[in-house]
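Chemist: A single structure is presented below for examination.
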Amino acid sequence: MNVSIHNTITRRKDVLTPQTDTFGMYCCGPTVYGPAHIGNFRTFVAQDVLRRTLECSGLKVKHVRNITDVDDKTIRESRKLGMTLKDFTKKWEDKFHLDCDRLNMLRPTVEPRATEHIAEQLDMVSKLVANGHAYPAKDGSVYFKISTFADYGKLAGLDREHMATQSTNSAGEVNNADEYERESVSDFALWKGRKPEDGENFWKSPWGEGRPGWHIECSAMSTKYLGDTFDLHGGGIDLCFPHHENEIAQSECATGKSPYVSYWFHSAHLMVEGQKMSKSLGNLYTLDDLVAKGYTPAQIRYALMSGHYRQQLNFTFKGLDDAKSALAKLAKSVKAALGRAKMSEADFKKLIAPENNFAGTIFEPAWNALCDDLNVPRALGEIFGALPKLDGKSRDIAALGSLLYALGIDLSSESQAEQTEADVPEEIKQMAQARWDAKKSKDFAKADELRNKLTELGWSVLDRKDGFDIKKI
Ligand code: AMP
Ligand code: ZN
């Protein structure tokens, strides 16, 4: 069964067929100036599910996701704190990685930073100036001339007739901003001449000191790691215009090859309790905010992928509670089936089967749903529909293992969730932690003493490989 997605540029569902033996996918990564919010993670999780599904279908995937570590926001915030851009962005990059790991997202194959690819970006800008698609301005900036690219607007479906020759926006200005509306479409900055507010954050170029515009980094890094034309490009729907439209223009004009990308994968936004997520409305959540409210990253991931990626998802606390019960139900059924099949949880976790393992199993409809425009809600529905039929047959278990891999659902973290649910008093938790620490430092006498104390108080401790569970006796 082939995997298909709705392709923004063809405006229809296309089967994903790689150009070479490896499927190349590039996803616009985070701008690292603060913690990513759960809206960002909705998009990154959707991309993670796509990659995992492609792998389960038997494809080898090369996943490239950049780190935007230079732009107006990163420069402004680092300067406010008196930190170097590098130290500042590294801090938020590390936090992003930590959150991604907690959400059980696979690390990309390559994760290039914009500041480490200045030469590649300058090379592309030079090519565009040399072949007449870009021009330097008086302030040391370089602009892409959209009137030289007849296909400008093909991704976002812009009306070319009314914008073909504009070099200034509707207000009569040359557009130096990285983001703008369709109505103010105009030539855009590839390179920005140095300004006082950039501080020490500048690089030398043939047009003087400055720094790259935002769009050029993705063209330079995607083509470097995936080739002049590659398979799939992803991002949230807000990036479709102007970011991705500009990427197509820069890349196709610099390389002379078309199409830059075969499949465009855009995911819809996350709303919160029916409203746009924003700081001013006080409804912007990070992973830490939700963990502090007692939810596990696995439950948060489940809630984020529970709606179809092309529809806006309304994030609610009820949705998180539903995710919590769904995962608990899943964990229980899987545990029982593994018992019947005499399979260990560790062996179950290793199951990643290529596509033919789904055929004829009770989970085939769930797999078909994933392959059909990545329909995660339908796949989850089919999984729950099939669970009562799960009787320990090894082919069914293998298919379920692969499906959970594709969805990135790690049930072992749910046993940790049960532990949180057990309502363990703080002093018991501290005592159990002290016992674990004693055991780790090989102070077995102290560890035994603490265990006895806990037993007296009515609590038992069960050790796992990397921690412990506390249960009421
Ligand atoms: P940024 O760090 O702002 O560049 O965004 C990283 C990714 O998150 C991009 O693909 C954005 O399109 C996406 N994104 C931003 N806000 C939301 C949201 N509310 N819901 C879903 N995706 C979002
Ligand atoms: Zn990008």
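The values are calculated or read from the model by the stated rules, or taken from the named source; none is laboratory data. Just so you know, these numbers come straight off a predicted model, no measurement behind them. Here Cβ is always computed from backbone atoms with ideal geometry, including for glycine, and neighbour counts include all displayed protein chains.
Chemist: Which of the residues spanning region 95-120 are assigned to a helix (DSSP H, G or I) and farther than 13 Å from T68 by Cα?
Modeler: Residues of region 95-120 assigned to a helix (DSSP H, G or I): 95-102, 114-120.
Hits for region 95-120 are K95, H97, L98, D99, C100, D101, R102, A119, E120.
Chemist: From A298, A328, which residue is touching a residue at least 24 places away in the same chain (Cβ under 8 Å), assigned to a helix (DSSP H, G or I) and touching a Ser or Thr at 6+ places or on another chain (Cβ under 6 Å)?
Modeler: Working: A328 fails: touching a Ser or Thr at 6+ places or on another chain (Cβ under 6 Å).
The unique qualifying residue is A298.
Chemist: Can you pull out every residue in region 259-271 that is among the hydroxyl-bearing types (S, T, Y) and near ligand 1 (Cβ under 10 Å from one of its atoms)?
Modeler: Selection gives S267 alone.
Chemist: Criterion first (of a type in the set (A, V, I, L, M) and either more than 16 Å from ligand 1 (Cβ to nearest atom) or on the phi > 0 side of the Ramachandran plot (or both)) does M105 satisfy it? If you could, list the steps in order and put the result at the bottom.
Modeler: On the way: of a type in the set (A, V, I, L, M): yes; either more than 16 Å from ligand 1 (Cβ to nearest atom) or on the phi > 0 side of the Ramachandran plot (or both): no.
So M105 does not fit the description; no.
Chemist: Could you tell me which of the residues S402, S415 is small (G, A, S) and at pLDDT below 90? It would help to see each step written out before you state the result.
Modeler: Numbers: S402 fails: at pLDDT below 90.
Residue meeting the stated conditions: S415.
Chemist: Filter region 183-199 for residues that are more than 16 Å from ligand 2 (Cβ to nearest atom) and touching a residue at least 60 places away in the same chain (Cβ under 8 Å); which is nearest to I118 (Cα to Cα)?
Modeler: Checking each candidate, the answer is W191.
Chemist: Of the numbered conditions (1) more than 15 Å from ligand 2 (Cβ to nearest atom); (2) within 16 Å of the chain's Cα centre (by Cα), M271 fails exactly one; give the number of that condition.
Modeler: With (1) more than 15 Å from ligand 2 (Cβ to nearest atom); (2) within 16 Å of the chain's Cα centre (by Cα) applied to M271, the lone miss is (2).
Chemist: Looking at region 1-32 only, could you name the residues that are under 30 Å from M277 (Cα atoms) and modelled with pLDDT under 95?
Modeler: none
Chemist: Looking at region 210-232, which of its residues are more than 16 Å from ligand 1 (Cβ to nearest atom) and among the hydrophobic types (A, V, I, L, M, F, W, C)?
Modeler: Correct list: A220, L226, F230.
Chemist: Of all residues in region 236-258 being surrounded by fewer than 24 Cβ atoms within 10 Å (Cβ to Cβ) and of a type in the set (A, V, I, L, M), which is nearest to ligand 1 (Cβ to nearest atom)?
Modeler: So, considering only residues that are surrounded by fewer than 24 Cβ atoms within 10 Å (Cβ to Cβ) and of a type in the set (A, V, I, L, M), the one nearest to ligand 1 (Cβ to nearest atom) is L239.
Chemist: With the requirement that a residue be over 20 Å from A353 (Cβ atoms), assigned to a helix (DSSP H, G or I) and not aromatic (F, W, Y), what does region 33-64 give you?
Modeler: Selection gives I38, G39, N40, R42, T43, V45, A46, Q47.
Chemist: Residues to consider are S267, S333, S306; find the one that is among the polar types (S, T, N, Q) and modelled with pLDDT under 95.
Modeler: Answer to the check: S333.
Chemist: May I pose another question? Collect the residues in region 319-356 that are touching a Cys at 6+ places or on another chain (Cβ under 9 Å) and either farther than 25 Å from G58 by Cβ or surrounded by fewer than 13 Cβ atoms within 10 Å (Cβ to Cβ) (or both), keeping them in residue-number order. So that I can check it myself, show each step before the final result.
Modeler: The first filter runs over region 319-356 and keeps only residues touching a Cys at 6+ places or on another chain (Cβ under 9 Å), leaving 352-355.
The answer is P354, and nothing else.
Chemist: Separate question: Going by the structure shown, is L81 over 30 Å from F315 (Cα atoms) and either under 13 Å from the mean Cα position of the chain (by Cα) or surrounded by fewer than 16 Cβ atoms within 10 Å (Cβ to Cβ) (or both)?
Modeler: Taking the combined requirement at face value, the residue satisfies it.
Chemist: Considering only residues that are out of contact with any strand residue (DSSP E or B) (no Cβ under 8 Å at 6 or more places or on another chain) and over 16 Å from S219 (Cα atoms), look in region 115-148 and name the one that is surrounded by the most Cβ atoms within 10 Å (Cβ to Cβ).
Modeler: T148
Chemist: Quick check on region 220-237: of everything there that is under 24 Å from K13 (Cβ atoms) and within 11 Å of ligand 2 (Cβ to nearest atom), which residue is farthest from the chain's Cα centre (by Cα)?
Modeler: Going through the qualifying residues, I end up with S222.
Chemist: A further question follows. Look at region 301-318 and say how many of its residues are part of a helix (DSSP H, G or I) and surrounded by fewer than 19 Cβ atoms within 10 Å (Cβ to Cβ). Lay out the reasoning, then the answer.
Modeler: Step one: filter region 301-318 for residues part of a helix (DSSP H, G or I), giving 301-304, 317-318.
Of the ones still in play, those that are also surrounded by fewer than 19 Cβ atoms within 10 Å (Cβ to Cβ) are 317-318.
Number of matching residues: 2.
Chemist: Could I ask something else about it? If you check every pair at least six apart or on different chains, which have Cβ atoms under 7 Å apart with a residue in region 25-48 that is touching a residue at least 24 places away in the same chain (Cβ under 8 Å) first and a residue that is in a helix (DSSP H, G or I) and near ligand 1 (Cβ under 6 Å from one of its atoms) second?
Modeler: These pairs meet every condition: C28/L239; P30/N40.
Chemist: Another one. When the residues of region 11-32 are narrowed to those that are in a loop (DSSP other than H, G, I, E, B) and buried (at least 20 other Cβ atoms within 10 Å of the Cβ), which ends up nearest to ligand 2 (Cβ to nearest atom)?
Modeler: The qualifying residue nearest to ligand 2 (Cβ to nearest atom) is C28.
Chemist: Within region 198-235, how many residues turn out to be in a loop (DSSP other than H, G, I, E, B) and among the small types (G, A, S)?
Modeler: 5
Chemist: Another question, then. So S278 fits all but one of (1) surrounded by 15 or more Cβ atoms within 10 Å (Cβ to Cβ); (2) within 14 Å of ligand 1 (Cβ to nearest atom); (3) among the hydroxyl-bearing types (S, T, Y); what number is the exception?
Modeler: (1)
Chemist: Another question, then. Can you pull out the residues in region 424-448 that are of a type outside the set (A, V, I, L, M), exposed (fewer than 14 other Cβ atoms within 10 Å of the Cβ) and in a helix (DSSP H, G or I)?
Modeler: Within region 424-448, E426, E427, K429, Q430, D437, K440, F444, D448 meet the criteria.
Chemist: Is there any pair with a first residue in region 224-247 that is without any contact (Cβ under 8 Å) to a residue 40 or more places away in the chain and a second that is part of a helix (DSSP H, G or I) whose Cβ atoms are under 8 Å apart and which are 6 or more apart or on different chains, and what are they?
Modeler: Qualifying pairs under 8 Å: D228/S251; D228/T255; E247/H215; E247/C218; E247/S219; E247/S222.
Chemist: Got a number for residues in region 49-70 being of a type in the set (D, E, K, R), without any contact (Cβ under 8 Å) to a residue 60 or more places away in the chain and away from ligand 2 (no atom under 16 Å from the Cβ)?
Modeler: Residues flagged as of a type in the set (D, E, K, R), without any contact (Cβ under 8 Å) to a residue 60 or more places away in the chain and away from ligand 2 (no atom under 16 Å from the Cβ) within region 49-70 amount to 2.
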